[in-house]
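Down below is the structure, laid out as structure tokens.
The values are calculated or read from the model by the stated rules, or taken from the named source; none is laboratory data. Everything numeric in this text was worked out from a predicted model, so none of it was measured. All Cβ positions, glycine included, derive from the backbone under ideal geometry; neighbour counts span all protein chains shown.
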Amino acid sequence: MINQEMFGNATKTKAKTSTKKRSQIKSIWFRYRKNKLAMFGLILLGIMIFCSIFANHFADYEADAVSQNMNARLLPPDSEHIFGTDQYGRDMFARILFGSRISLSVGLATVAFSLTVGALIGAAAGYYGGRVDNILMRLMDILLAIPGLVMAIAVVAALGPGLINLMIAMGMARIPQFARVVRSAILSVKGQEYIEAAKACGTKDARIILKHILPNAIGPIIVQATLNMGTAILGISSLSFIGLGIQPPTPEWGSMLSDARSQLRYYPHLVIIPGIAIVLAVMSFNLIGDGLRDALDPRLKN
Amino acid sequence: MPDKLLEINDLNVVYETDDALVYAVNGLDLTINKGETLGLVGETGAGKTTTALSIMGLLPDKTGFIKGGQIKFEDIDITKATENDMKLIRGESVSMIFQDPMTSLNPILTIGDQISEVLELHKKSLNKEQISKRVDEILQLVGIPPDRKGEYPHQFSGGMKQRVVIAIALACEPKLLLADEPTTALDVTIQAQVLEMMKDLKEKLNTAVLLITHDLGVVSEICDRVAVMYAGEIIEIGTTEDIFGGSYRHPYTDGLFGSIPDLTRSTRRLNPIEGLMPDSTNLPEGCKFHTRCCKCKEICKTVNPQFKINGTHFIRCH
């Protein structure tokens, strides 16, 4: 019954797109588009990225986001300052806008860095097994034994503060998590017969890992990556708080949140607004991740 | 004398586990000539698949070892070839069809991509268009409309998947095809189609086939010669007529024939072989079959018999 439906639909979609086969990316997009929540996430992230790129058209960095104005401290939201002002009289809207540049880019770069390195290590460990696995995973255990923040402090102290070093520091601390997730995902795919069949065709190891194993193991990896976006954004603020991250007065969501916590009782909007910004960013990444995971799996096509 | 394509001499394969040594293949001799179909039959656990994996050089790492003997494919000794040499041989000169078509296709790649991958790996001179043309041809050959090449394995039925698997195996026109129970997972009508197709393709491409199966009916249908395997040894080998029509057979082969249900005979019961295959961690002395043989003599318990030769028919019995 289900089979019949499946075949019925398959022929229907084929008829719609005529005989030519859709390209891989197009068909992924086709499947992604059907997921309303994922589209919502994508639009949300699109808006945020748009705002961060064109932030200087909405507000003036020097005048609104950085310079202090003691006459306009702690104003509630009104028509002039739609998100109000903080304890130094800076416009919250402008700070959120410019803060998104750093938060989004550091979050993305951190995850991209740790995902790439972690996935390679985990893939090698899982695929080759034995001694390679033991050595790589014990190295990961050593990294995992050092608390992430201490690790990041050490890296920043060694390389000096700065945006790039911050990303490296945050990324280093996350490598073992990715390595472990990728390794276990690979172990579950490695034993499948189509991997053996690929070997029987004379496929090289690197190609088997990249083309046959990783795409089949992508689900848990994407979930791990999107979950990490949120902690990465918050992680920057922890480092900023002890003076190793983004230096004030540069606006950044995490540090805005932590700066404002002393005002929480009487001016809760100072905490809520950057909090909502972080929540929206993280949520959009999670929704996109969920949608991608489904779209990349052709078995869920219909 | 026909041209030898593959020659296996005194092959011994052992699986080493923490608990025990498993003697999977013991002193196996086998030759396959160019363009010939050899059926390899035997009970489960007789070492049929292990033999095929040894030929591919794909025994599991760290547990499966070739302990002795030689596998000569054309002029190359596969037991001594490096991993890189093997990668060139696999898929191009020797390819393998796995037992289960449901799991031996990658679920997230289209079947067209999976067929063209073999071509990309081994036929470096072809450009994209030529590869795509070749994929169309090979799909046509196995009876799948080429415009379905953009579809994924889950959109095909079992028989079609098995034909895709065969298409992948034949894409580079290998000299030797190892088919490990290619029809076991299929129902009889599809089985007939697939066998018919393999027969046709073999004639078109002049590929030698090692067909591993439990099914004597399949063997009689398409094989030129048959080898019967028991506990890691060949106990009988001969042309299909020798084995199916011959008056004198190994008692084990007799037992296998006695276990086939027959529509036309009126006997109520089958005559299966008593007992089970000996534990391959602890093989008996003498003839490995003597514990189950109904014609067992004293000598069978101590001395492993040599082949008795009658023309093309070899029987390992006293």
(message) Against the condition among the small types (Gly, Ala, Ser) and more than 19 Å from B:LEU177 (Cα to Cα), how does B:ALA52 come out, does it pass?
(response) no
(message) I'd like the full set of residues that are more than 11 Å from chain A (Cβ to nearest Cβ), assigned to a helix (DSSP H, G or I) and under 18 Å from the mean Cα position of the chain (by Cα), limited to the stretch B:158-183.
(response) B:GLN162, B:ARG163, B:ILE166, B:ALA167, B:LEU170
(request) Report, by residue number, each residue of the stretch A:177-208 that is within 25 Å of the chain's Cα centre (by Cα), closer than 30 Å to B:LYS123 by Cα and surrounded by fewer than 22 Cβ atoms within 10 Å (Cβ to Cβ). (result) A:VAL189
(request) Please give the number of the condition A:ILE246 fails out of (1) surrounded by 19 or more Cβ atoms within 10 Å (Cβ to Cβ); (2) under 30 Å from A:LEU37 (Cα atoms); (3) among the β-branched types (Val, Ile, Thr). (result) (2)
(request) Could you grab the pairs with beta carbons closer than 9 Å, sequence gap of 6+ or different chains, first residue in the stretch A:273-302 and free of Cβ contacts under 8 Å to residues at least 24 places away in the same chain and within 14 Å of another protein chain (Cβ to nearest Cβ), second one aromatic (Phe, Trp, Tyr) and outside any helix (DSSP H, G or I)? (result) A:ARG299/B:TYR152
(request) May I ask you to verify whether B:ILE108 is modelled with pLDDT under 90, crowded, with 18+ Cβ neighbours inside 10 Å, assigned to a loop (DSSP other than H, G, I, E, B) and not small (Gly, Ala, Ser)? (result) yes
(request) Filter the stretch B:25-44 for residues that are at positive phi and crowded, with 18+ Cβ neighbours inside 10 Å and give the result. (result) B:GLY42
(request) Working carefully through the options B:THR49, B:THR31, find the one that is closer than 30 Å to A:ILE213 by Cα and of a type in the set (Val, Ile, Thr). (result) B:THR49
(request) Could you run through the stretch B:124-146 and say how many residues are among the hydroxyl-bearing types (Ser, Thr, Tyr) and more than 14 Å from chain A (Cβ to nearest Cβ)? (result) 1
(message) Can you tell me which of (1) farther than 20 Å from B:GLN99 by Cβ; (2) outside any strand (DSSP E or B) is the one B:LEU59 doesn't meet?
(response) (1)
(request) Please enumerate the residues belonging to the stretch B:95-105 that are at the interface with chain A (Cβ under 9 Å from one of its Cβ atoms) and assigned to a loop (DSSP other than H, G, I, E, B). (result) B:PHE98, B:GLN99, B:ASP100, B:MET102, B:THR103, B:SER104, B:LEU105
(message) Condition check: within 29 Å of the chain's Cα centre (by Cα) and touching a residue at least 12 places away in the same chain (Cβ under 8 Å). Does B:PRO146 satisfy that?
(response) no
(request) Show the residue pairs that are 6+ apart or on different chains and have beta-carbon atoms under 6 Å apart, the first residue being within the stretch A:194-214 and facing another protein chain (nearest Cβ under 7 Å), the second being assigned to a loop (DSSP other than H, G, I, E, B) and polar (S, T, N, Q). (result) A:TYR194/B:SER104; A:TYR194/B:ASN106; A:ALA197/B:SER104; A:HIS212/B:ASN106
(request) Quickly run through the stretch A:142-176 and pick out the residues that are surrounded by fewer than 22 Cβ atoms within 10 Å (Cβ to Cβ), part of a helix (DSSP H, G or I) and touching a residue at least 24 places away in the same chain (Cβ under 8 Å). (result) A:LEU143, A:LEU144, A:GLY148, A:LEU149, A:ILE153, A:VAL156, A:ALA157, A:LEU163, A:ILE168, A:MET172
(request) Check off (1) more than 12 Å from every other protein chain (Cβ to nearest Cβ); (2) surrounded by 17 or more Cβ atoms within 10 Å (Cβ to Cβ) for B:ASP19 and give me the number that stays unchecked. (result) (2)
(message) Within the stretch B:56-74, take every residue that is aliphatic (A, V, I, L, M) and touching a residue at least 60 places away in the same chain (Cβ under 8 Å) and give me the one that is farthest from the other protein chains (Cβ to nearest Cβ).
(response) B:ILE71
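This table checks each residue for (1) of a type in the set (Asp, Glu); (2) more than 10 Å from chain A (Cβ to nearest Cβ); (3) farther than 19 Å from A:LYS204 by Cβ.
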site: B:ILE76; (1), (2), (3): no, yes, yes
site: B:SER93; (1), (2), (3): no, no, no
site: B:ARG148; (1), (2), (3): no, no, yes
site: B:PHE156; (1), (2), (3): no, no, yes
(request) Scan B:LEU121, B:LEU53, B:LEU88 and give me the residue that is within 12 Å of chain A (Cβ to nearest Cβ), part of a helix (DSSP H, G or I), under 30 Å from B:HIS250 (Cα atoms) and not small (Gly, Ala, Ser). (result) B:LEU53
